[in-house]
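Take a look at the structure below.
The values are calculated or read from the model by the stated rules, or taken from the named source; none is laboratory data. The structure presented is a predicted model; accordingly, all values stated were derived computationally and were not measured. Please note: Cβ atoms are built from the backbone with ideal geometry, for glycine as well, and neighbour counts cover all protein chains shown. Note: areas computed on protein heavy atoms with side chains; ligands, DNA, RNA excluded. Shrake-Rupley method; radii C 1.70, N 1.55, O 1.52, S 1.80 Å.
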Amino acid sequence: MKVQKFGGTSVGSPQRIKNVASLIKSFPGKNIIVLSAMSGTTNSLLEITSAIKEGELNKAEEITEKLYQKYLDVIQELFSTSEARQKALKLVNDVFEEIKSWIPKKYTLRTEKEIVSKGEIISTHLMQYYMEETGEKSVLISALDFMFTDNNGEPAYTSIKNRLNEIMPKYKDYDTIITQGFICRNPEGKVDNLLRGGSDFTASIIGAMIGADEVDIWTDIDGMHNNDPRFVEETDPVHNLHFEEAAELAYFGAKILHPTCILPAKLNNVPVRLLNTMEPNAEGTLINNELEHGSIKAVAAKDNITAIKIKSSRMLLAYGFLKKVFEVFEKYRTPIDMIATSEVGVSLTIDDDSHIDEIISDLKELGTVSVDKDMVIICVVGDLEWQNKGFEARALDALRNIPVRMISYGGSNYNISFLIDKKNKTKALRLLSYHLF
């Protein structure tokens with residue numbers, strides 16, 4: 001059995017829904033289909049909740065009506081029979097009546113969770129109704145019946161697995177099972193969502209819990225590329241990646257995948273494949289626990305980085321200094337990306353500067369602080385164990401004419417990272433492609 005996840009752009013229009021349905025019909029064996037909301041829907045739903053929060057109820061009603069009209073058009077174009085249209089119309093009417101019922105109420109976080117969940121509920125029902133209309137035997141099961149989180153907002157894996165073990169045998173005669181990505185229930189039984197990774201996370205969790213043969217994530221690009229095609233011409237998809245390599249690329253800028261969403265699949269040794277709905281026959285990128293030795297796989301860039309240097313003679317031959325530095329960032333819940341140390345100083349980077357003034361103020365009690373903003377981390381990913389020869393030299397040689405603020409190497413066996421000014425980003429990416437690939 002495979003888990004097949006389709007993102008918002010893959011089901012972003014009636015024609016694309018039809019294309020995905022045809023693709024689903026071509027899949028051999030049993031498949032669980034995980035769908036995101038149609039592209040643009042989640043943003044509109046968030047706009048509605050934001051308007052409610054600000055007390056702009058007329059605005060909330062206007063956005064709701066506009067989105068409702070969009071779905072009326074989708075229904076008209078997607079279905080060819082009166083029966084299917086009526087079924088879809090009832091579903092959409094019921095959903096939007098529920099959304100409208102939240103508008104006059106006082107805003108709470110639950111308001112947002114309930115409203116935002118409707119995107120996936122609509123997309124999965126429309127797909128199921130279309131599959132029925134075209135004669136495909138499929139069944140829709142609600143993610144709210146099996147996808148649960150714990151008190152920390154993390155997936156409640158044991159409960160999910162137990163519930164799936166109860167549900168799946170009921171549908172053993174169905175080769176196609178459709179469900180929602182992103183949405184879940186919290187420990188109180190309220191509607192919630194998985195936040196990071198969204199529908200990809202759902203697919204990875206399901207694949208891990210049922211021991212799937214593979215999790216396929218379908219997007220509008222043919223896998224993870226060896227550089228950013230927005231800045232570098234003639235990039236190529238990477239055919240094979242280790243889970244750790246994929247996580248490094250995702251964390252440092254490859255937007256096709258969230259860095260933590262495939263962790264359940266990794267831990268349960270379930271391969272993940274990235275595929276393109278526009279080119280379904282393309283090989284895509286296979287991610288698993290097998291490392292291809294002696295190769296550089298890809299380059300990625302992470303923007304909006306702030307570098308902070310703390311210099312103090314108190315650090316020399318002292319212990320406890322770094323602990324005090326880290327405690328400042330812990331205090332303001334600000335993660336650190338890169339770090340480099342010397343005898344009397346430490347440099348580090350952050351990508352969240354919402355508490356930068358408070359952080360700098362606290363750090364000044366430890367030493368002299370300097371800050372560089374508008375920086376970029378360039379990450380080179382591959383088999384970079386320290387015993388390998390030459391890879392670091394090739395990357396450094398590529399950047400020989402670009403000022404480098406920091407270098408991070410040795411913290412991971414899979415990447416070497418360079419901190420540069422954002423004005424040099426495009427040049428750096430192109431030079432690395434030229435020298436490495």
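So the values come out like this:
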{"item": "GNM top mover of Ala212, Ala247, Ala340 - the chain, alpha-carbon springs below 10 Å", "result": "Ala340"}
{"item": "Largest-first ordering by accessible area, 1.4 Å probe, given options Glu120, Glu65", "result": "Glu65, Glu120"}
{"item": "Principal axis dimensions, largest first and in whole angstrom, of the chain by Cα", "result": "76, 50, 41"}
{"item": "Label-point separation in nm, Leu46 to Lys331, each point 7 Å along Cα→Cβ", "result": "3.1"}
{"item": "Rounded to 5, percent antiparallel among DSSP beta bridges of segment 150-289", "result": "45"}
{"item": "Relative contact order of the chain, defined on C-alpha pairs under 8 angstrom at six or more residues apart (%)", "result": "13"}
{"item": "Computed [θ] at 222 nm, deg cm²/dmol, the chain (DSSP H ≥ 4; -39,500 (n - 2.57); rounded to nearest 500)", "result": "-12000 deg cm²/dmol"}
{"item": "Top of Ala250, Ala88, Ala282 by mean-square fluctuation, Gaussian network on the chain, Cα under 10 Å", "result": "Ala282"}
{"item": "Using alpha-carbon coordinates, inclination of helix 198-210 to the longest axis of the chain, degrees", "result": "80"}
{"item": "Order of exposure, largest accessible area first, which applies to Tyr409, Tyr107, Tyr434 with probe 1.4 Å", "result": "Tyr434, Tyr409, Tyr107"}
{"item": "For segment 358-429, the spread of Cα positions along each principal axis, largest first, Å", "result": "42, 27, 15"}
{"item": "Among Leu35, Leu366, Leu274: highest mean-square fluctuation, GNM of the chain, C-alpha pairs under 10 Å", "result": "Leu366"}
{"item": "Formal net charge of residues neighbouring Lys18 (Cβ-Cβ distance under 14 Å; K, R +1; D, E -1)", "result": "-2"}
{"item": "Spatial separation of Cα centroids for segment 81-151 and segment 280-331, in angstrom", "result": "40"}
{"item": "Ser82 - accessible surface, heavy atoms, 1.4 Å probe, Å² rounded to 10", "result": "80"}
{"item": "Cα shape, segment 40-156, gyration tensor, a/c 1.5 rule", "result": "oblate"}
{"item": "Net charge of Cβ neighbours under 10 Å - reference Val272; Lys, Arg +1; Asp, Glu -1", "result": "0"}
{"item": "Centre separation in Å (Cα based) which lies between segment 62-80 and segment 196-244", "result": "31"}
{"item": "Rounded tilt (10° steps) of 321-331 against the dominant C-alpha axis of the chain", "result": "30"}
{"item": "Distance from segment 351-425 to segment 4-50 (C-alpha centre basis), Å", "result": "37"}
{"item": "Area accessible to solvent at Val116, 1.4 Å probe radius, in Å²", "result": "10"}
{"item": "Heavy atoms of Glu279 accessible to a 1.4 Å probe, total area in Å² rounded to 10", "result": "100"}
{"item": "Pairs beyond 30 Å (Cα-Cα), from Lys70/Lys172; Lys66/Lys373; Lys87/Lys170; Lys66/Lys190; Lys2/Lys70; Lys87/Lys172", "result": "Lys70/Lys172; Lys66/Lys373; Lys2/Lys70"}
{"item": "His293, His225, His258, ranked by accessible area, largest first (probe 1.4 Å)", "result": "His293, His258, His225"}
